[in-house]
Amino acid sequence: MVRQMVVESVYCKILNDGGFRSDGRRQYELRDINIDLGQQGSADGSASVSHGLTQVLVSVFGPREAKMRSQTIHDRANINVEVAVAPFSTGERRRRGRGDKRILEFASTIKSTFEPVIQTALYPRSQIDIFVQILQQDGGVLQACINATTLALASAGIPLLDFVCAVTGGVHSTSPLLDLTTLEENDVPHVTVAVMPRTGKVTLVTMETRLHVDRFEDIFRVGCEAGKVIHKEMRAAVKERTRSVGSGGGPDVGDRDVVMEERMEDY
Amino acid sequence: MVDITIRKRPDTEAVITQRKFFKKTARGKVIKVLRERYLRDDVGCGIQGCHACAELGNLPPAGETGHSAFPMGHFLLPDTNVFLSQMDLMESNLFSPPIILLQTVLDEVRHRSLPLYNRLKALTKADDKRIWVFYNEYRSETAIVREEGETPNDRNDRGIRKATTWYQSHIPLAHGRSASSSAMPKVVLLTDDAANRRKAEAEGLAVSSVRRYVEGTKDSNQLLDLLAVVGEDSIEPTRAVAARSALYADYLPTAAVLAGVKSNQLHQGHFNANPYNYLEGSVSVPAFTKPVLLVGRENMNRAVHGDIVAIEVFDESEWKAPADEVVDQETTLKNDDAEDSDEEGEGEEVLEQEKKVIQSEENKRPPSEKQPTGRVVGIIKRNWRAYVCHIDMSSLSNTHSTSLSQQTVFATPVSRLLPRIRLRTRQAPQLVGQKILVTIDRWDNTSRYPEGHFVRALGKAESKEAEQESLLLEFDVPYRPFGKAILDCLPVEGDKWVVPPKSASSSEWRDREDLRQLTICSIDPPGCQDIDDALHAKRLPNGNIEAGVHIADVSHFVLPDNPMDTEAAARGTTVYLVDKRIDMLPSLLGTNLCSLRPYVERLAFSVIWELTPDAEIVNVRFTKSVIASKAAFTYEEAQLRKDDPHMQDEITESLRLLNSLAIKLKAGRMAAGALNLASPEVKIHLDSAESSDPVDVEQKELRETNSLVEEFMLLANISVAKKIQETFPQTAVLRRHLPPPRTNFEKLQDILKKRKGMTLDVSSSGALAASLDKCIDTNEPAFNTLVRIMATRCMLSAEYFCSGSVARDTFGHYGLASPIYTHFTSPIRRYADVLAHRQLAASIAYAPLHPSLHSKSHVERVLDVVNRRHRMAQMASRASVEFYVGLALKARGEREQGLVQEEAFVIRTFRNGLGVFISKLGIEGLVMFKREVKFDPDNYTVTLPFELTGNNDVTIAVFDKVTVNVEIEKDKNTQRGRVKLTLAKPIDSRNM
């Protein structure tokens, strides 16, 4: 058995002649998205999002008083992002410490993605903590983190200008692909795009591989479109959550969620 | 805009859509891998006009109706083994039923053999085939998971059966009715696995073995021939792979090897691979007159051409004659897989095949030709370096240029002497079609191929720059530009440097003779820039003749032990390629300050003889001098001038004088037994300097003046050799040519005797020269040259040596029949000459000898390098000529729009081909026969039986003159243009 599988992983084709990818999807098909907005411990807001086999859990605390005075900013809230990668999230067990440069960079990417979206000016001298836990990785970790952070912030009732919806796009030969798995990420150049679907603004484009400049526009456009599709899914999840909470099923209800609901109608 | 959707994968289906497995990394770590897959209902069945599937198919709705067993029409659904063993059948254009190719099958073929997979892929795209790839693993009804305790093989078989069942039930839907299935076309499962057939029958499927199926087709007669003979039971297809087994014996420990060599139980020597047969190599060891033959992979035991190996010689009963068949690694190992040979379990078919090849060669040769055989038991020194290679296209698993995935591919070295090298790279698709540099890293005993890594890309194959650089690398020619430290050793005046006016205080003029008034001229090939010799002759009052050879005084500029000297010693020689010269010395010296250009004063080292009119040496003296050449001729100009009776000037007179002496010198040399050897030399005409596109190839013409220069250079070299040997008996730099062992000539003698009834006396160089003169075929003037070329190949090559290192009686130069010889006349382009200059200068007390030239070991070391460089330079220039001949032929083929035909001589016969030599192009090539021919190794003939020729048997023997079609064919895998020869006369062999 082992051999069979190993060989398969080596030979796996990214996009075969029938237009199928290695997991049976076609070019523009995203993986199954699962969103859980249930309460997580004492967090003010939390969301667990999975794209296929990638799963992340984000908990948001705040806005609250900053733990350290030095971190307060007089006219807006400070956003603090911490990322933890579960050692069991990848096939190969590997412990990453907090000081790992890769993880710090990851956190700062998330932070800078959300800085223009969160209305920090409403909460001067306070702090918003975003704790990201990566539970399973199978490609598109950054997109999952961003999507989950958006939802967690929303569930914490922190005012956002818009949803931030992220998706990974790659290109195999000349064909764009969406929502890559690890297998695909290892093989094709890929870009992560985060868009604000209502305004159509892009808050993040990041790429760590080399991509031909002619291909970039294609992927970028498809990525923006895909962001809107993900947005629908996220919005539905938020509405569903609001409904279940509003019907008294959940714990203590805040007014804020209702306000959000209204505001979202015009998206 | 494209339609973007989210595929849903409900948790309830996780059993079938999610998989977990463990894999072991190269380092032995175990990793858990989790995969998901999305099952769908929109995977097309491929039947045209299917009512249930949206996709457009290419399979006719009624299937194939011409088969006797399935009158209602059928579709064929073959399993993996059918493709693995019966690919020829599948590729036949007579075989064209609609085929459903399952993804499971396609993947399995891919695991088993990439080349077969690539053939299959090509097949699915072919116009005359109707093949539909059905992605059964993604269709929700046909996807299956492996059950507990089920082998992958059984799982796949079950998947294939399930897909067959599904198709059978899908066909009525495709036709849009629920008609009774009897009127519907059948889906026939084609498999040679009896167990699988039983199970399928039990499930009520239509099933057939390949043979039974083919018997029922229309063209069964022709198709049955294509069936590969495979016993039904012998196919146990994806057999579980055994643990990595060692393919080669381990090497003995170093201590044991050294002890063995010392006690003469083992022998040590250079491993030489056979370029015609990759399964054979040889090692020349002093203990045997004939080289020791190593037959087969196990016996060669991972030795690579050029390695120094320790071998063990087998019992005399196991001695064998060398093979007489051309065995090409590319064809025998065509279906071998770069990735797969990671785990060598499946290579047994290949080994079987190789064994067959080896065995077929035995028993058929007369015992007289037996050579000792042996096997490699240890490596004393690896001589691995970077090799120029091409990526083997068919070993690529992913050809998309954007792919960043790491793959294992084969790199095929340009040289036929080397095995394919396996390397891992992420940029394989970009490297296809390029020449690349690859080094071998290791060769484990569990791996059939050595493993290497990519060094750098040289550029597009067949582009001149890449080819040129690859040549230089392949022959290890140092071609970097000269560094600053080296250029700093040049005279500070640069190209303004001139010989200073004569004065007692000038260091240049110290102890130099003023020969500026002599009428000296130089004769060189056209376009020569580095003129290192010039000549003069004049009558003396006493009736004798004074003749002088003046050689550029390189040692005046290149002082011992400075960076320029060290670099020149490392380069050893200037390398001449067709369109480029790689200098040994910076060009300021080579083409200007040292070059004996006309009308300017230059420093020289002169050898001046007093000769009688009969060319007897009365005396000789050596002196440093200053000369001013009066003219620089080409051979042709000099010849014309000499032959023109109207020219009576001093230069012409001196040319005539030199010529008359040269004729006598030559006669004297020939009488002493010098050989007049021939080597195929051709000249490439280049279009223009910039494009340097070769236009045509012509054989080099030799004129009287060539011989004139040659005679005086020989005379100078011999005189200098005597002088320096006298003065420095321990360290003189000399050159010798050892007499070839008699056994080298045995084969040629035998061929000559049997084919032409001629004998070759090889007892001495004189006897050989005389008997070569007698090898004349009156009908064929070129025959003599051919024999001379073949005789030359039997000889050893000349070498530099240090006089103190070898016995006095081995100083002789066999080819020139001179007891002593050195190289003195071309110091600009040969380093040995520079050393000879220094020694000669010391022997006439011009300058003290540098201490390094008193040290025997130092001289030996330097000459070792020079010998090697010299050999490599020769090979590089030959290869360069070959490349340009190829280009010229290609251009000619395009110009003449058709076949280039040339006359050629057969020089070797093989079981499956002929070795021919095309004298007009100076190239040697192989004519291969794909079909069976009769081969008579004793009489060196190949007979093409009448079934092939149509009427009578045609026999071709060594020395026969044939006409060949010369084509340049681009090798598909290696991108290497190679000359392809086919016979045109006496018989057209294009389809044999």
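Roughly speaking, to the nearest percent, how much of the range A:26-266's 1.4 Å accessible area is carbon and sulfur?
The nonpolar share, carbon plus sulfur, comes to 48 percent.
What relative contact order, as a whole-number percentage, does the range B:43-226 give when Cα pairs under 8 Å and 6 or more residues apart are counted?
Once divided by the residue count of the range B:43-226, the mean separation gives 27 percent.
Once phi is turned into ³J(HN,Hα) by the Karplus curve 6.51 cos²θ - 1.76 cosθ + 1.60 with θ = phi - 60°, what whole-Hz value does each residue of the range B:819-831 show in order, with x for glycine and proline?
Per residue, the Karplus-derived 3J(HN,Hα) values read x, 8, 7, 8, 10, 9, 8, 10, x, 5, 10, 9, 6 Hz.
Once phi is turned into θ = phi - 60°, what whole-Hz ³J(HN,Hα) does the Karplus curve with 6.51, -1.76 and 1.60 give for every residue of the range B:496-503, x standing for Gly and Pro?
7, 4, 9, 5, x, x, 5, 7
For the range B:126-211, with only Lys/Arg (+1) and Asp/Glu (-1) charged at the beta-carbon, what is the dipole magnitude about the Cα centre, in debye rounded to 20?
300
Please list, in chain and number order, the residues 5+ apart from B:LEU983 or on another chain whose amide H is under 5 Å from its amide H, with Hs placed from the backbone.
The list, which skips near neighbours in sequence, is B:ASN965, B:SER989.
Normalised radius of gyration for the range B:557-607, please: alpha carbon Rg relative to 2.2 N^0.38 Å, two decimal places.
Computed over Cα atoms of the range B:557-607, the ratio equals 1.28.
Tell me the accessible surface of B:TYR576 in square angstrom (1.4 angstrom probe, heavy atoms of protein chains only), to the nearest ten.
80
If I take every Cα pair under 8 Å that is 6 or more residues apart in chain A, average their sequence separation and divide by the length, what percent do I get for the relative contact order?
The normalised contact order for chain A reaches 18 percent.
Using modelled amide H (1.01 Å from N, peptide plane; none on Pro or chain starts), what sits under 5 Å from the amide H of A:ILE73, excluding residues fewer than 5 places away?
Placed amide hydrogens put A:ASN78, A:ARG125, A:SER126 under 5 Å from A:ILE73.
Relative contact order, percent, of chain B when contacts are C-alpha pairs under 8 Å separated by at least 6 residues?
About 8 percent, as a whole number.
Using alpha carbons only, how many degrees (0 to 90, rounded to 10) separate the axis of helix B:152-174 from the longest principal axis of chain B?
In chain B, helix B:152-174 runs at an angle near 60 degrees to the longest axis.
With every protein chain present, what is the per residue accessible area of the protein assembly as shown (1.4 Å probe, Å²)?
44
If you count only protein heavy atoms and use a 1.4 Å probe, how large is the accessible surface of B:MET670, to the nearest 10 Å²?
Near enough 70 Å² of accessible area.
Which three lengths, in whole Å and largest first, does the protein assembly as shown cover when its Cα atoms are put on their principal axes?
Largest to smallest, the principal-axis extents are 136, 88, 65 Å.
Per residue of chain B, what 222 nm ellipticity follows from adding -39500 (n - 2.57) for every DSSP H run with n ≥ 4, rounded to the nearest 500?
Helix-only estimate at 222 nm: -9000 deg cm²/dmol.
Rg/Rh for the range B:723-818: what does it come to with C-alpha atoms and Rh from Kirkwood?
Dividing the radius of gyration by the Kirkwood radius yields 1.10.
Measure nothing fancy, just the Cα-based angle from helix A:213-246's long axis to the longest principal axis of chain A, in degrees from 0 to 90, nearest 10.
50
On a 1.4 Å probe surface of the protein chains, which of B:GLU474, A:GLU217 comes out largest in accessible area, and what is the full order?
A:GLU217, B:GLU474
Mind giving me the FRET efficiency for B:GLU704 and B:ASN952? R0 is 56 Å, r the Cβ-Cβ distance, nearest 0.05 is fine.
It comes out at approximately 0.70.
Which is farthest toward the positive dipole end of the range A:26-266 among A:MET68, A:ILE158, A:VAL141, measuring Cα position about the Cα centre, with Cβ charges +1 (Lys, Arg) and -1 (Asp, Glu)?
A:MET68
Going by accessible area, probe 1.4 Å, with all protein chains left in place, what is the ranking of B:ILE380, B:ILE627, largest first?
Highest to lowest solvent-accessible surface, that is B:ILE380, B:ILE627.
Can you give me the C-alpha center-to-center distance between the range B:444-482 and the range A:68-145, rounded to a whole angstrom?
After rounding, the separation between the Cα centres reads 49 Å.
Can you give the accessible area of B:GLU726 in Å² (nearest 10), computed on protein heavy atoms with a 1.4 Å probe?
Per-residue accessible area (B:GLU726): approximately 140 Å².
Residues with amide H under 5 Å of B:ASP777's amide H, sequence separation 5 or more or different chain, H placed in the peptide plane at 1.01 Å from N; which?
Counting only residues 5 or more places away or on other chains, the set is B:PHE783, B:ASN784.
Take the Cα radius of gyration of the range A:26-266 and divide it by 2.2 N^0.38 Å, with N its residue count; two decimals is plenty.
Relative to the 2.2 N^0.38 Å estimate, the range A:26-266 comes out at 1.00.
To the nearest 20 debye, what is the magnitude of the charge dipole of the protein assembly as shown about its Cα centre, counting +1 on the Cβ of each Lys and Arg and -1 on the Cβ of each Asp and Glu?
I would put it at about 1940 debye.
Using a/c under 1.5 as the rounded threshold, could you call the range B:95-194 rounded, prolate or oblate? The axes a ≥ b ≥ c are square roots of the C-alpha gyration tensor eigenvalues, and prolate needs a/b larger than b/c, oblate otherwise.
oblate
May I ask for the accessible area buried between chains A and B, both sides summed, probe 1.4 Å, to the nearest 100 Å²?
Accessible area lost upon association: around 4700 Å².
For the range A:14-66, what is the Kirkwood hydrodynamic radius in Å, using each pair of distinct C-alpha atoms?
About 13.6 Å, per the Kirkwood formula over Cα pairs.
For chain B, report the translational diffusion coefficient in µm²/s to the nearest whole number, using Stokes-Einstein at 20 °C, 1.002 mPa s, and a Kirkwood Rh over Cα pairs.
Rounded to a whole number, D works out at 64 µm²/s.
What are the ³J(HN,Hα) couplings of the range B:837-846, residue after residue, when phi is run through the Karplus curve with 6.51, -1.76, 1.60 and θ = phi - 60°? Round to Hz, x for glycine and proline.
4, 5, 5, 5, 4, 5, 6, 9, 6, 6
Counting only protein chains, not ligands or nucleic acids, how are A:HIS212, B:HIS813, B:HIS556 ordered by accessible area (probe 1.4 Å), most first?
From most exposed to least exposed: A:HIS212, B:HIS556, B:HIS813.
Which residue, A:GLY41, A:GLY52, A:GLY200, tops the fluctuation ranking in a GNM of chain A built on C-alpha contacts under 10 Å?
A:GLY41
Any idea what the dipole of chain A comes to, in debye rounded to 20, about its Cα centre with Lys/Arg Cβ at +1 and Asp/Glu Cβ at -1?
With only Lys, Arg, Asp and Glu charged at Cβ, the dipole is about 600 debye.
Sort the range B:43-226 into rounded, prolate or oblate with this rule: let a ≥ b ≥ c be the square roots of the eigenvalues of the Cα gyration tensor; rounded if a/c is under 1.5, and if a/c is not under 1.5, prolate when a/b is larger than b/c, oblate otherwise.
rounded
Relative to the longest principal axis of chain B, what angle (0 to 90°, nearest 10) does the C-alpha long axis of helix B:765-774 take?
Result, in degrees: 70.
The values are calculated or read from the model by the stated rules, or taken from the named source; none is laboratory data. All values derive from a computational prediction rather than experimental measurement. Cβ atoms come from the backbone with ideal geometry, glycine included; neighbour counts cover every protein chain shown. Just the protein is used for accessible areas: all its heavy atoms, side chains included, with ligands, DNA and RNA removed. Shrake-Rupley method; radii C 1.70, N 1.55, O 1.52, S 1.80 Å.
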